[in-house]
Amino acid sequence: MATILYVDDEPSVGLILDDTLRRAGHEPVGANSVPQALQALARGTIDLIISDYRMPGLTGLEFLAMIQREGYNIPLIMLTGYASIEHAVSSIKAGAVDYITKPVRPQQLELAVDQALQLVRLKRENEALLREVMEFRNERQIVGDSMAIRRIMQTVATAAPTRATVLLQGESGTGKELFARAIHDQSDRHDKPFIQLNCAALPEGLVESALFGHEKGAFTGAIKRVEGAFERAHRGTLLLDEISEMRLDLQAKLLRVLQEQEFERVGGTSTIRVDVRIVATTNRNLAAEAAAGTFRQDLYYRLSTIPILIPPLRERKEDIPSLAYRFALRTAAETSKTITAIAPEGLELLQQYDWPGNIRELQHVVERAVILSSGATIPPHAFEGFRFGLAHSLGGPVTAAQRAAMSADGDAGEAGGAPSQDDGVLVKLTSLNVAEAEEQLIAKALIMAKNNRTKAADLLGMSVRTLRNKLNAPIDPTVGEETLTL
């Protein structure tokens, strides 16, 4: 049902319009002049207007021009005399969506109204989609004015139009996926698929199938043919996330696909040719991995045609305010809050911290601050309450008082005002042994995450696979034998 305004100075025509619209299930609103029609527009929401061309005072064409100037985005159907086709043509040129000749026939009126309302529906759906696209693009926009980010964006702009493979390296949480999407969006493949495959998140036995697909019956449970990431990314971009976690035998197959642009599905014999642009990411030093033999050197050279190193947040702290504002506005919109500013003291706190979890950690901190804030400005205490998650709650920087107390007593808990064991989550770093400190951090993170490895890995700023490898690593019997007491 739609609310439809009809404007005609002839009572008999008004009765026909009113009756036909009601029978069709719509809500008619009548007016016999342009001033009355304007009053009706001001009173409520109108979905469609039906206006006579000839009326006392202003004509229907002048009425159409007036509502357009006033910013009313409402479609209008013009009523014209049978012998006034030139008026109908003028109306269509002026912006009317349709015209109906008098005398009005109910069937013709219903058809014109249905078509006009369908146009309204399509227009609203298109506007909604455009809003979603703009919001999506805004979500993917890279924030940062630091020299490091500007240089990276220049490299992205240069590399994007080419087919060269790009290797994005950086710590977890630095936004490598956003840069990968920027490369795709600025390339001539921007309207083609962007497929992402996380090599660390997939079980080892399924990585090959996820990459190349499989034929029906290729293995137990393969009940139908499935296309892999390479097929789905044809003529587009394939992001291989955490490429360093891929098995060596699969690295050889991947190298062949990169060189030949062809492969076979698991269990298949037919060669499939594809046109795929590869972007890979890793949080490790892949050159060192290749030198150590844990990653194929030939694949490393193939992937790093254009290497890009994403700096950690601690090396570009000038970007923290703009990032914080972005996360604050996004969270405010999601939680129906009004946030207009972050207190300067709060921004200073954010910039004093080293952010081991990088941008992801900053996002979580700001999200929590927005949720805890009641006013339009985020106060400093919204950040002080928990001191940025893991790094503080697991010990944070060692103060001079704590260092002196540990030197004298070997126990930070006896220092005046220092945290004690009763805090439950404090890590007491009594040595400079890295492995021992790491074990304590992992243990406390697992306690905080209630043994949920995914949450613990997020707190520690590492992938789940990396955490699993560290937990499964053999214990070094020499750990703790030679330590330097603080």
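How many Å² of accessible area per residue for the stretch 105-263, probe 1.4 Å? Mind dumping the intermediate values first?
On the way: 8460 Å² over 159 residues.
That works out to 53 Å² for each residue.
Could you state how much accessible area Ser270 has, in square angstrom rounded to the nearest 10, with a 1.4 Å probe and all protein chains kept in place?
Approximately 80 Å² of Ser270 is accessible to the 1.4 Å probe.
Among the aspartates and glutamates, which fall within straight-line cross-link reach of Lys102, defined as a Cα-Cα distance under 17 Å, with same-chain neighbours fewer than 8 residues apart omitted?
Cross-link targets: Asp8, Asp9, Glu10, Asp18, Asp19, Asp52, Glu86, Glu110.
From Cα pairs below 8 angstrom and at least 6 apart in sequence, can you work out the relative contact order of the stretch 217-332, rounded to a whole percent? Don't skip to the end; give the middle numbers.
Details: 96 pairs, mean separation 30.5, N = 116.
Relative contact order for the stretch 217-332 comes out at 26 percent.
To make sure I understand the rule: partners must be lysines, Cα under 21 Å from the Cα of Lys224, and not fewer than 8 residues away in the same chain. Which ones qualify?
Candidates past the 8-residue exclusion: Lys216.
Please state the shape class of the stretch 45-116: rounded when a/c is under 1.5, otherwise prolate if a/b exceeds b/c and oblate if not, all from the C-alpha gyration tensor. Before the final figure, lay out each step's value.
Values: a/c = 1.78, a/b = 1.17, b/c = 1.52.
Taking the square roots of the gyration eigenvalues as a ≥ b ≥ c, the stretch 45-116 is oblate.
Rank Tyr301, Tyr72, Tyr53 by accessible area, highest first, at a 1.4 Å probe radius? Walk me through the numbers on the way to the answer.
Working: Tyr301 145, Tyr72 80, Tyr53 35 Å².
Listed by decreasing accessible area, they come as Tyr301, Tyr72, Tyr53.
Taking Cα pairs under 8 Å and at least six residues apart, what relative contact order does the stretch 206-267 come out at, in percent?
Values: 60 pairs, mean separation 26.4, N = 62.
In percent, rounded to a whole number, it is 43.
Might you report the magnitude of the Cβ-based charge dipole of the stretch 173-222 about its Cα centre, with Lys and Arg at +1 and Asp and Glu at -1, to the nearest 20 debye? Mind dumping the intermediate values first?
Numbers: 5 positive and 7 negative charges, 13 e Å.
Magnitude of the dipole: close to 60 debye.
Leaving out ligands and nucleic acids, note down the accessible area per residue over the stretch 302-342 with a 1.4 angstrom probe, in whole Å².
Details: 1920 Å² over 41 residues.
The answer is 47 Å² per residue.
Using the Cα gyration tensor of the stretch 12-131, with a ≥ b ≥ c the square roots of its eigenvalues, what is the shape: rounded (a/c below 1.5), prolate (a/b larger than b/c) or oblate (neither)? Could you put the intermediate results ahead of the total?
On the way: a/c = 1.34, a/b = 1.21, b/c = 1.11.
Rounded, since a/c falls under 1.5.
For the stretch 207-295, rounded, prolate or oblate, judged on the Cα gyration tensor with a ≥ b ≥ c (square roots of eigenvalues), a/c < 1.5 rounded, else prolate if a/b > b/c?
On the way: a/c = 2.13, a/b = 1.62, b/c = 1.31.
Cα axes put the stretch 207-295 in the prolate bin.
Taking K and R as +1 and D and E as -1, what net charge do the other residues with C-beta under 13 Å from the C-beta of Pro28 add up to? Numbers along the way, then the final one.
Numbers: positive: Arg22, Arg23; negative: Asp8, Asp18, Asp19, Glu27, Asp47, Glu110.
Charge balance in the 13 Å sphere: -4.
Could you please state how large a percent of the accessible area of the stretch 1-120 is carbon and sulfur, counting protein chains only and using a 1.4 Å probe? Don't jump to the answer; show the numbers that get you there.
Values: 3230 of 6120 Å².
Answer for the stretch 1-120 is 53 percent, counting heavy atoms of protein chains only.
Any lysines with Cα under 28 Å of the Lys176 Cα? List them, leaving off those in the same chain fewer than 8 positions away.
Lys192, Lys253, Lys317, Lys444, Lys455, Lys470
The values are calculated or read from the model by the stated rules, or taken from the named source; none is laboratory data. Please read all numbers here as calculations on a predicted model, not as lab measurements. Neighbour counts run over all protein chains shown; Cβ positions are idealised from the backbone, glycine included. All accessible areas refer to the heavy atoms of the entire protein, side chains included, with ligands and DNA or RNA removed. Shrake-Rupley method; radii C 1.70, N 1.55, O 1.52, S 1.80 Å.
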